[in-house]
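Just so it is clear, none of the values below were taken in a lab; they were calculated from the coordinates. All of these numbers come straight from a predicted model, not from anything done at the bench. Heads up, the Cβs are rebuilt from the backbone with ideal geometry, glycines too, and the neighbour counts pull from every protein chain shown.
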Amino acid sequence: MSETVEKTNERMISLCHLAKKFGENEVLRDINLEVHRGEVVSVIGSSGSGKSTMLRCINLLERPTEGDILYHGDSILAPNTNLSAYRTKVTMVFQQFNLYNNMSVLKNCVIAQTKVLKRTKEEATKIAMEYLTKVGMDAYINARPAQLSGGQKQRVAIARALSMHPEVILFDEPTSALDPEMVGEVLDVMKSLAQTGLTMIVVTHEMAFAREVSDRVLFMDGGYIVEDGTPEEIFRNPKMKRTKEFLSRVL
Amino acid sequence: MSTFDWIIRLVSEYWQSFLVGTGNTMLMALVGTAAGFVIGLLIAMVRTIPIGEGASPFRKWVFRIVNFILNAYVEIIRGTPMLVQALIIHYSLFVPLKMHHLLSAIIIISFNTGAYMAEIVRGGIMSIDKGQFEGAHAVGMTHWQTMVHVILPQAVRNIMPSIGNEFVVNIKDSSVLSVISITELMFASKQAGGSYSKFVPAYLICAFIYFVLTFTVTRILRFAEKKMEGGASYTICGSQSDPSAEIRLTKQEERIGE
Ligand SMILES: Nc1ncnc2c1ncn2[C@@H]1O[C@H](COP(=O)(O)OP(=O)(O)OP(=O)(O)O)[C@@H](O)[C@H]1O
Ligand SMILES: [Mg+2]
């Protein structure tokens, strides 16, 4: 894992004055963010601060109420956006895995490739096997999601996302639903991904991961990005009082 | 003659029409349930189309109107007896069109079942965890792809008991279609009884046959449901060192999380 990957200045995702309200409830306020190719960005913050909502807006599972989201400089909120194609490039991994319960592990990783990317079944299977092997789940291709442990499910979910050959993967607390002894196996997979040049935005409560693996850490509170800096800056010298308070609670 | 003797006599004289009646009853129930399921599935799929904030006003209006019509169909059919529906539809539509009675009956029962199925399928779709939709959307699957490949297979499997129940209900409720002169079981019994003015023995035969039908069907369905719960184990495919190795694991807590 010693290969160095150049972080470029190529902008992948830009959030411009993004806001999201659920009725009267302002969950995101004036979010501005630029994520470049190859960056691994961790998002930390207390419960209800809007971390998930921000990720869900980027994947357009939620529609922002104000502001814009740019992907390679183009707005994805424009009416002519091919949402399906965009989501194959900027995909998401969930806390609850969300594997398709009616399909085997292999089929979980193949179905969107054949239906969305129109790959042949052989090609899709080959790609799925490649990533299932990478996450160490190649032995379980015939298993149903209900037969797997949480850690195994999450690794399959990661393989499913990777099979689409995305440029960005959004992770929403990928280890929060896991028993403690399974957190490691998923984090290991994510660490190895971080080295490959994949762009990752990771909402996490794993401070060690945020600190050691990410290039950048965002601290969110009350719907704002309160602080945005290198792990060193955030964990060693947080500028904002709220960041300090949060870190003293979780560390 | 005792009632028992009359039963023997009616069966030996009219067994053929009882048989035809049973056949027609089963035909109507079977086709009606299947067609009703298809109608219900289509309606439920239309009614669960998400209409996002981004949709154009035109789309919203079309959706609203279509929804109104479908809701009206479901509510009216569910809110009136099939007997009344049968009489109205048959005499206003099928008689003038000189349609075959059996076909007419099958259309009526399908139309009726469709309304119930629409609600059953919708319930099935709504019972599926939101995460299943999101997992599919997040990798780019469209609403229809998600429905066809992920949601409906799970929803249909979950509602299998209700579908079977509709079938059993249809076996019994098709009896009201005797009013439009279909030689189904009820009609056959009425004729047999009428020939000697011995209705009670005829209807006892009738009740017995209905019971055998519904009881058998219920058992078969329950068996099928068990079968559908799927294999109890899965196979781990070979390791790198031994590609042909297969290890069978037993299923644990398969229903959890489903
Ligand atoms: N669909 C929704 N409708 C209404 N309110 C919502 C919805 N989704 C989230 N919220 C509200 O938005 C706020 C932020 O939620 P969000 O899930 O983004 O927080 P979070 O930072 O991810 O928290 P956690 O660490 O608990 O996951 C919460 O107050 C929540 O109640
Ligand atoms: Mg969250």
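Here are the numbers for the structure shown:
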read-out	value
Pick from region A:47-84, criterion without any contact (Cβ under 8 Å) to a residue 12 or more places away in the chain and more than 13 Å from ligand 2 (Cβ to nearest atom), ranking: nearest to the other protein chains (Cβ to nearest Cβ)	A:Pro79
Count - residues of region A:18-69 that are within 8 Å of ligand 1 (Cβ to nearest atom), assigned to a strand (DSSP E or B) and small (Gly, Ala, Ser)	1
Among residues of region B:119-170, those that are buried (at least 20 other Cβ atoms within 10 Å of the Cβ), aliphatic (A, V, I, L, M) and within 28 Å of B:Ile77 (Cα to Cα), counted	8
Region A:73-95: number of residues that are of a type outside the set (Val, Ile, Thr) and either in a strand (DSSP E or B) or under 20 Å from A:Phe171 (Cα atoms) (or both)	11
Neighbours by Cβ (under 7 Å, 6+ apart or cross-chain): first from region A:120-146, within 13 Å of chain B (Cβ to nearest Cβ) and closer than 13 Å to A:Ser104 by Cβ; second acidic (Asp, Glu) and assigned to a helix (DSSP H, G or I)	A:Met129/A:Asp138; A:Leu132/A:Asp138
Candidate set from region A:96-152 (those that are β-branched (Val, Ile, Thr) and part of a loop (DSSP other than H, G, I, E, B)); member that is nearest to A:Thr175 (Cα to Cα)	A:Val135
Filter result (within 15 Å of ligand 1 (Cβ to nearest atom) and either surrounded by fewer than 24 Cβ atoms within 10 Å (Cβ to Cβ) or under 19 Å from A:Tyr71 (Cβ atoms) (or both)) within region A:153-174	A:Leu170, A:Phe171, A:Asp172, A:Glu173
Test result for A:Met220, surrounded by 22 or more Cβ atoms within 10 Å (Cβ to Cβ), away from chain B (no Cβ under 14 Å), more than 16 Å from ligand 2 (Cβ to nearest atom) and of a type outside the set (Ser, Thr, Tyr)	no
Lone qualifier among A:Ile111, A:Ile13 - being among the β-branched types (Val, Ile, Thr), more than 16 Å from ligand 1 (Cβ to nearest atom), closer than 30 Å to A:Lys153 by Cα and free of Cβ contacts under 8 Å to residues at least 12 places away in the same chain	A:Ile111
